[in-house]
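Structure, as structure tokens:
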Amino acid sequence: MNSQAVAIARPVGAQLRVMWIAGLAVLLLVAQSIAAQARPESFADLAQKVSPAVVNITTSTVVAGRTGPQGIVPKGSPFEDFFREFQDRNGDGDKPRRTSALGSGFVISEDGFVVTNNHVIDGADEILIEFFSGEELAAKVIGTDPKTDIALLKVESDDPLPFVSFGDSDTARVGDWVLAMGNPLGQGFSISAGIVSARNRALSGSYDDYIQTDAAINRGNSGGPLFNMDGDVVGVNTAILSPNGGSIGIGFSMASNVVTRVVAQLKEFGETRRGWLGVRIQNVGEDMVEAIEGLESTAGAMVTDVPEGPAMEAGILAGDVILSFDGKKVEDVRGLVRQVGNADVGKAVRVIVLRDGVQKTLKVTLGRRETAESTEEAAEPGQAPGPIEKDILGLTVTPLTDAMRSELGAAEGTTGLVVTRVDETSTAYEKGLRAGDILTEASQQKIASVSDLEDRISEAQEAGRKSLLLLVRRGGEPRFVALNIEE
């Protein structure tokens, strides 16, 4: 019985091995099929579908002629007169000249609204739109937004125009295929393919939300669309990172979810209307978590100043940490700026702040950023005592005088301590404090004398804190710095 069982078991094992190998082969075939589907053999159908709505943009501008050989020889050079005579003989001199520039764009409605970059049409006297069919139409500017580099144009046509729609840029994932279309280097309609390399990139603006892509983007592609595989616009090609001016595979497209809000306002008002809270803010650092009572993480935005405006009227104070805006958690300064900017002007929103270890909910009616006053200071007047210097926390400080206030460009009525020297081996130096900085608050309380600062340090030590939060002003601009006070 045992030998017979062994004899039967052997062929069954061989059959199992054959079945396992066959199953593995099927899995490999399925994987290859999935990979083939993920990597399309051609973008031709998609290109044919969206091309009619993509346009080339040519702008022309009249500029003043040169009044001298500027940029050719240095002013005062003995050759200056010679080059001026040479320009005059060739009809240059001070005659106005017309210059032209090229860019891209795309039609978003059958009645002729066109989206492009603001820098493509900025200062242009004439704007000409060339369609894929070869037809050319003059365009007028409906509105522009330099902050996001978006412009909305309009052309008039007797026939409905082919157009494309915006997609949801938040659904774009790193690794997704995308197509860039436009007029690179003036070569006419061109398409390039790549992937989404990164999301939520910021370059220089407060409202930046760029999609990074390795699809080839060059000069002339500015203002053109970035398509997903469904033919929806998920970005507007705006900038490249390059050491030589050509594409090296690092391009940036403003996310469509930013663009759609801007375009809607430009279409309705001819301008943007962003919400304005009326505060100066900075990110919360790791060292501030220990210094601020009740703060558990770096999430939030620290209020450094409150000029006259909506925030002041609502009772927000310098030193408050904004944790929530209009029901949404605040992650950092960039996030709060975008949240406020996307809110409607005149809307009443609830803002949750952390103050003295307690969360407070305040109701703020938003103003309009574009018309906001940004130069007023909220400092209260006071009188500083006589000049006394003292070394403390790696700083040499002395009370602020009227003469110092004027010299350092501080607002009238500002009180505090002036930093006259910083120990280069100290934490204060590492944190960026320098001679000429003005300390106006310690532990979120105003200071006007050295004794005030010493009192705040003692209070923080008695409370068991390891750091002291200082409000520092440099050139009128405030920021918070946390210094270690452990003995």
**Study point:** Cα-based shape type of the range 249-302, given that a ≥ b ≥ c are square roots of the gyration tensor eigenvalues and the cut on a/c is 1.5
**Key:** oblate
Practice item. Run down the aspartates and glutamates and flag those whose C-alpha is under 16 Å from the C-alpha of residue 390, throwing out any fewer than 8 positions away in its chain. Key: 423, 437, 452, 454, 455
Practice item. Compute from the Cα atoms of the range 390-484 the Rg and the Dmax, the latter being the longest Cα-Cα distance, and quote both in angstrom. Key: 12.3, 38
Study note, to complete from the structure: The long-range amide H neighbours of residue 217, using H built 1.01 Å from N in the peptide plane and a cut-off of under 5 Å, are 249
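Give the shape of the range 169-269 as rounded, prolate or oblate, defined through the alpha-carbon gyration tensor: a ≥ b ≥ c are the square roots of its eigenvalues, a/c under 1.5 means rounded, and otherwise the shape is prolate if a/b is larger than b/c and oblate if not.
On the way: a/c = 1.38, a/b = 1.29, b/c = 1.06.
It is rounded, given that a/c, with a ≥ b ≥ c, falls under 1.5.
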Review point. Peptides 113-126, 404-417: what's the order by average Cβ count within 10 Å, highest mean first?
Key: 113-126, 404-417
Revision key, fill the gap. Violations at 21 Å Cα threshold for listed pairs 328/431; 140/267; 329/466; 49/267 -> 328/431; 329/466; 49/267
Check your understanding: Each residue of the range 452-458 in order: what ³J(HN,Hα) in whole Hz does its phi give by Karplus 6.51 cos²θ - 1.76 cosθ + 1.60, θ = phi - 60°, with x for Gly and Pro?
Key -> 4, 5, 5, 4, 5, 5, 4
Practice item. First check a/c for the range 200-246, with a ≥ b ≥ c the square roots of the eigenvalues of its C-alpha gyration tensor; if it is under 1.5, answer rounded, and if not, answer prolate when a/b is larger than b/c or oblate otherwise. Key: oblate
Practice item. Please report how far the C-alpha centroid of the range 399-457 lies from that of the range 127-152, rounded to the nearest whole angstrom. Key: 51 Å
Exercise for review: May I ask you to sort 248, 57 by Cβ crowding, counting other Cβ atoms within 10 Å and putting the fewest first?
Suggested key: 248, 57
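Rule-based calculations on the coordinates, nothing more; no lab input. This one's a predicted model, so the numbers in the text were calculated from it and none came from an experiment. Don't worry about glycine lacking a Cβ; one is built from the backbone with ideal geometry, like all the others, and counts go over all protein chains shown.
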